[in-house]
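Notes to accompany the following structure.
The values are calculated or read from the model by the stated rules, or taken from the named source; none is laboratory data. The structure displayed is predicted, hence computed values, not measured ones. A quick note on method: Cβ atoms are made from the backbone with ideal geometry, for glycine too, and the neighbour counts reach across all protein chains shown. To get the accessible areas, we keep the full protein, side chains included, count just its heavy atoms, and leave off ligands, DNA and RNA. Shrake-Rupley method; radii C 1.70, N 1.55, O 1.52, S 1.80 Å.
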Amino acid sequence: MPTTQPAFELAACKDGTYVLPELPYDYNALEPLYDEATLRLHHDKHHAAYVAGLNANLTKLAAARKDGKYEDVKALSRNVAFHGSGHVLHTLFWHSMKPGGAKPDGEFAKACVESFGSVEAMQAQFAAATKDVEASGWGVLAYEPLAGKLLVLQAERHQDLTVWGVTPLLVCDVWEHAYYLKYQNRRAEWVDAFMKLANWDFAAQRLAAVRK
Ligand code: MN
């Protein structure tokens, strides 16, 4: 089962810039279950705003790198996570519906049985979890590659999970438990030490694996 590569072109970026993908159906194709007016507003205005915000903040980060000025890096990184996750999730959302729907079958149905006991149990858990998302957010059916399991997740604030769909290549833990015994409150010292330990070979291997 693929972990990161979509099985088809999602058309959510072009020449290195994020773009608003066209809908895979007409605006009125999901009527009456999902109405044309809502779909137009949702896609043309809301999703478009995520795309614009993502590109704008990436441009600001490019300027910060050029000038070596990182005073705004926290806000810019948060904005990239917020708009980037919004762009990824909405792109997936349009494809997550189709006129008339589709029933799970084949390998996908088998994976559902392995992870949830049955297709119906997956659907029941997905619907229950999605209805129970606190405030605004998403219900998500996801593939977890360590165990090869399907999981149903709730995303209350999509930016808290950084940009959905990315594959982590290298990570540095800055929870206090990771450095407090030796570095106490001096997180920057710990990060500088980590940078001397960083295994870019591992990152390179993972990049090569996901680009396949
Ligand atoms: Mn939305």
Seminar exercise, completed: Within the range 167-182, residues of a type outside the set (Val, Ile, Thr) and under 27 Å from Tyr143 (Cβ atoms) come out as Pro168, Leu169, Leu170, Cys172, Asp173, Trp175
Exercise. If you go through the range 98-111 one residue at a time, do you hit one that is under 19 Å from Thr162 (Cβ atoms) and either within 16 Å of the ligand (Cβ to nearest atom) or not acidic (Asp, Glu) (or both)?
Worked result: no
Exercise. For the range 182-212, how many residues meet the condition of being open to solvent by less than 90 Å² (accessible area, probe 1.4 Å), free of Cβ contacts under 8 Å to residues at least 40 places away in the same chain and under 13 Å from Pro168 (Cα atoms)?
Worked result: 6
Problem set entry | Flag if Leu169 is under 28 Å from Leu207 (Cβ atoms) and within 16 Å of the ligand (Cβ to nearest atom) | no
Exercise. Residue check: is Thr59 in a helix (DSSP H, G or I), open to solvent by less than 80 Å² (accessible area, probe 1.4 Å) and of a type in the set (S, T, N, Q)?
Worked result: no
Problem set entry | Positions within the range 145-181 being among the hydrophobic types (A, V, I, L, M, F, W, C), in contact with a helix residue (DSSP H, G or I) (Cβ under 6 Å, 6 or more places away or on another chain) and open to solvent by 90 Å² or more (accessible area, probe 1.4 Å), in sequence order | none
Exercise. Where residues in the range 156-197 are charged (D, E, K, R) and in a helix (DSSP H, G or I), which of them is nearest to Glu144 (Cα to Cα)?
Worked result: Asp160
For this session: For Arg78, state whether it is part of a helix (DSSP H, G or I) and more than 20 Å from the chain's Cα centre (by Cα).
Result: no
Exercise. Among the residues of the range 68-87, which ones are open to solvent by 40 Å² or more (accessible area, probe 1.4 Å) and within 16 Å of the ligand (Cβ to nearest atom)?
Worked result: Phe82
Exercise. Within the range 166-197, can you find the residues that are closer than 17 Å to Ser77 by Cβ and either among the small types (Gly, Ala, Ser) or in contact with a strand residue (DSSP E or B) (Cβ under 9 Å, 6 or more places away or on another chain) (or both)?
Worked result: Ala188
